[in-house]
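Novice: Have a look at this one before I ask anything.
The values are calculated or read from the model by the stated rules, or taken from the named source; none is laboratory data. As the structure is a prediction and not an experimental result, all values here were calculated from the model. Methodologically, a virtual Cβ is constructed for each residue, glycine included, from the backbone with ideal geometry; neighbour enumeration extends over all protein chains shown. Protein only, heavy atoms only, side chains kept; ligands, DNA and RNA dropped before computing areas. Shrake-Rupley method; radii C 1.70, N 1.55, O 1.52, S 1.80 Å.
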Amino acid sequence: MPEDEPFPWEIGIYDAHCHPTDTLASVADIPQMKATTLTIMATRGEDQDLVQQTAVSLSAKTSQSTTDRVVPCFGWHPWFSHQILDDTAQPTAQNPAEHKFAHYASVLTPSPADDKPFIDLLPVPKPLSELISETRNRLQQFPNALVGEVGLDRSFRLPSPWTPTDVENRDGQLTPGSREGRRLSSYRVKPEHQRTVLKAQLQLAGEMNRAVSLHSVLAHGRVFEVLKELWAGHERVVLSRRKRDKQRDAEGAVSDDEDKTPDGSQSTKTSDLNGKSYRPFPPRICMHSYTGSVEPIRQFLHRSNPSDVYFSFSKLINFAGSAEKRVGDVIKALPEDRILIESDLHVAGAQMDELLEDVARQVCQLRGWELRHGVQVLADNWRRFVFG
């Protein structure tokens, strides 16, 4: 593939995961971008409404009839999962503010029970039931919206509280709520609490039949365990070729109903009291900026798994330093119909376009794809991931 070959933007370039609402001023640059559609993530309280507003404003302005400039995604990131109060096991009608100290003392490790000033500076936690209700309403407003960014993270530590100097020097163009260069504290969110928040959002995605963009840092095994728990009892029944041939001989042509998958496996569904079909897990999952090795992907792609799992790659995360050799092996090992690209960037515009072009070219080179063919494959994969 010649390095100077013109990039075929006209085929369609789709960013599977990005954060333009983290730099709100850059949203105005999206209509001028070369990329076709951005799949934009919400991560915390400050940007759920911003993602929604961005989708509304750009959908109104676009002249495209089949594809909007953005696909909104609503979810709560594991970095902010401590801000969620689990009221599902023991609902309470009391003000969440009354539970603030006990909540943070229990979900953070080491416990900040002796660090009241730190807890005082944290927000009043949001009940998990409220988060799920709000997210459900947003998904209902946007029929093509995804759930994201959600997941597990074993390495993240909470940033230290804002100092007066931090406040004075902060970049006003950035949406509040992120680290913004602050020093990290010693506190982490307990894995079991992250898991509770993740599982509730995955179940909502199943209820609403929406795909999910999933964050996993040093937690691929734990993510798989959560998915396996949700998949239990719904695994696809994978028939051997010999058994499929016998079944065809006995019954004639196998029917093409909605419960038959392309590989000949049978999928299962659950019905609620009203007879409406649903599954307690998302139909499609994207492991965003996947940093794991080849071996875990075999688990995620097992034919009995009832969710279709995709893997997306970014220039910023996957093609930096020592990670580049590993990601090359992974991309070469993946089925071609499960590969996505993303920028994972916090600012829209020319830089995002540049990152998307770079990662698309690198994926094509690793796979040995002719550029136009590879870009078409990546576009088809994104449409199948988002729309099914």
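Yes/no matrix, rows are residues, columns are (1) within 24 Å of Gln173 (Cβ to Cβ); (2) modelled with pLDDT of 95 or more; (3) open to solvent by 30 Å² or more (accessible area, probe 1.4 Å):
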site	(1), (2), (3)
Trp79	yes, yes, yes
Ala89	no, no, yes
Glu98	no, no, yes
Ala105	no, yes, no
Thr109	no, yes, yes
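Novice: Here's a follow-up. Only residues that are under 24 Å from Val359 (Cα atoms), open to solvent by less than 10 Å² (accessible area, probe 1.4 Å), in a loop (DSSP other than H, G, I, E, B) and touching a helix residue (DSSP H, G or I) at 6+ places or on another chain (Cβ under 6 Å): list them for the stretch 1-60, please.
Specialist: Result: Pro8, Gly12, Ile13, Ala35, Ala42.
Novice: A follow-up question, please. In the stretch 302-335, how many residues are touching a strand residue (DSSP E or B) at 6+ places or on another chain (Cβ under 8 Å), of a type outside the set (Phe, Trp, Tyr) and not in a helix (DSSP H, G or I)?
Specialist: Start the filter on the stretch 302-335 by keeping residues that are touching a strand residue (DSSP E or B) at 6+ places or on another chain (Cβ under 8 Å), which leaves 304, 307-314, 319, 327, 330-331, 334.
Now drop any that are not of a type outside the set (Phe, Trp, Tyr), which leaves 304, 307-309, 312, 314, 327, 330-331, 334.
Pick out the ones that are also not in a helix (DSSP H, G or I) and you get 304, 307-309, 312, 314, 334.
Within the stretch 302-335, residues that are touching a strand residue (DSSP E or B) at 6+ places or on another chain (Cβ under 8 Å), of a type outside the set (Phe, Trp, Tyr) and not in a helix (DSSP H, G or I) number 7.
Novice: Yes or no: Val377 buried (at least 22 other Cβ atoms within 10 Å of the Cβ) and part of a helix (DSSP H, G or I)?
Specialist: no
Novice: Go through the stretch 183-237 and report how many residues are over 30 Å from Pro161 (Cβ atoms) and part of a strand (DSSP E or B).
Specialist: Count: 2.
Novice: Then there is this: Among the residues of the stretch 314-359 satisfying the criterion of being surrounded by fewer than 17 Cβ atoms within 10 Å (Cβ to Cβ) and polar (S, T, N, Q), which is farthest from Asp380 (Cα to Cα)?
Specialist: The qualifying residue farthest from Asp380 (Cα to Cα) is Ser322.
Novice: Let me ask something else. What residue, of Leu184, Leu122, Leu139, is under 28 Å from Ala16 (Cα atoms) and among the hydrophobic types (A, V, I, L, M, F, W, C)?
Specialist: Details: Leu184 fails: under 28 Å from Ala16 (Cα atoms); Leu122 fails: under 28 Å from Ala16 (Cα atoms).
Leu139 is the lone residue from the list that is under 28 Å from Ala16 (Cα atoms) and among the hydrophobic types (A, V, I, L, M, F, W, C).
Novice: Restricting attention to the stretch 204-225, which residues are buried (at least 21 other Cβ atoms within 10 Å of the Cβ), of a type in the set (A, V, I, L, M), out of contact with any Leu (no Cβ under 6 Å at 6 or more places or on another chain) and within 17 Å of Tyr290 (Cα to Cα)?
Specialist: Val212, Leu214
Novice: While we're here: Could you please find all residues in the stretch 302-320 being more than 17 Å from the chain's Cα centre (by Cα) and aliphatic (A, V, I, L, M)?
Specialist: The one that is more than 17 Å from the chain's Cα centre (by Cα) and aliphatic (A, V, I, L, M): Ala320.
Novice: For the stretch 120-154, how many residues meet the condition of being closer than 20 Å to Thr39 by Cβ, outside any strand (DSSP E or B) and either open to solvent by less than 60 Å² (accessible area, probe 1.4 Å) or of a type in the set (Gly, Ala, Ser) (or both)?
Specialist: Selection size over the stretch 120-154: 5.
Novice: Separate question: Which condition number in (1) more than 18 Å from Leu146 (Cβ to Cβ); (2) out of contact with any Cys (no Cβ under 7 Å at 6 or more places or on another chain) is the one that Gly388 fails?
Specialist: Every listed condition holds for Gly388 apart from (1).
Novice: Give me the pairs: first residue in the stretch 140-153 and touching a residue at least 24 places away in the same chain (Cβ under 8 Å) and farther than 23 Å from Thr196 by Cα, second residue among the aliphatic types (A, V, I, L, M) and surrounded by fewer than 19 Cβ atoms within 10 Å (Cβ to Cβ), beta-carbon distance under 6 Å, and six or more apart or on different chains, which are they?
Specialist: Hits for this filter: zero, empty list.
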